[in-house]
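The block underneath contains the structure these notes are about, expressed in structure tokens.
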Amino acid sequence: IAAILVTYFVQGALGLARLATTFFLKDELHLGPAESAALLGVTSLPWVIKPLYGFLSDSLPLNGYRRRSYLVLAGVLGSTAWLWLGFGVSSPSEALAA
């Protein structure tokens, strides 16, 4: 039962994060609905090419590890991009680059 409660808690926290992102795009960057949808579509692009990451990590290990190095690299890059989006972005083009 604890796993179910944790799952619902995480889903709720993700919903709050999406809400904050939506308000940031609307209020701070002054993006319209179509521009916001396009930007959020770009942020979901890594999930689309996820199978390519699998083939890459299986065929080209980094530091002797097949997945661990790629997970750490992706986590660092993703965290950096979201921090940049939150603290260093003041225009829509910068948000797209983040």
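Structure values in brief
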{"item": "Inter-residue pairs, beta-carbon under 7 Å, first closer than 15 Å to Ser90 by Cα and in segment 12-37, second open to solvent by 90 Å² or more (accessible area, probe 1.4 Å) and of a type in the set (Gly, Ala, Ser), 6+ apart", "result": "none"}
{"item": "Residue in segment 35-46 that is assigned to a loop (DSSP other than H, G, I, E, B) and open to solvent by 100 Å² or more (accessible area, probe 1.4 Å) present", "result": "no"}
{"item": "Unmet criterion (only one of (1) open to solvent by 70 Å² or more (accessible area, probe 1.4 Å); (2) assigned to a helix (DSSP H, G or I); (3) among the polar types (S, T, N, Q)) for Ser90", "result": "(2)"}
{"item": "Tabulated pairs, segment 75-95, first more than 26 Å from Tyr53 (Cβ to Cβ), second polar (S, T, N, Q) and surrounded by 11 or more Cβ atoms within 10 Å (Cβ to Cβ), C-beta under 8 angstrom, 6+ apart or interchain", "result": "none"}
{"item": "Residue pairs meeting the criteria (Cβ under 7 Å; at least 6 apart or on separate chains; first in contact (Cβ under 8 Å) with a residue 40 or more places away in the chain, in segment 39-66; second surrounded by 10 or more Cβ atoms within 10 Å (Cβ to Cβ))", "result": "Leu39/Leu25; Leu39/Leu31; Leu39/Ala95; Leu39/Leu96; Val42/Leu96"}
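The values are calculated or read from the model by the stated rules, or taken from the named source; none is laboratory data. Since this is a predicted model, take the numbers as computed values, not measurements. We place every Cβ from the backbone using ideal geometry, glycine too, and count neighbours over all the protein chains shown. Just the protein is used for accessible areas: all its heavy atoms, side chains included, with ligands, DNA and RNA removed. Shrake-Rupley method; radii C 1.70, N 1.55, O 1.52, S 1.80 Å.
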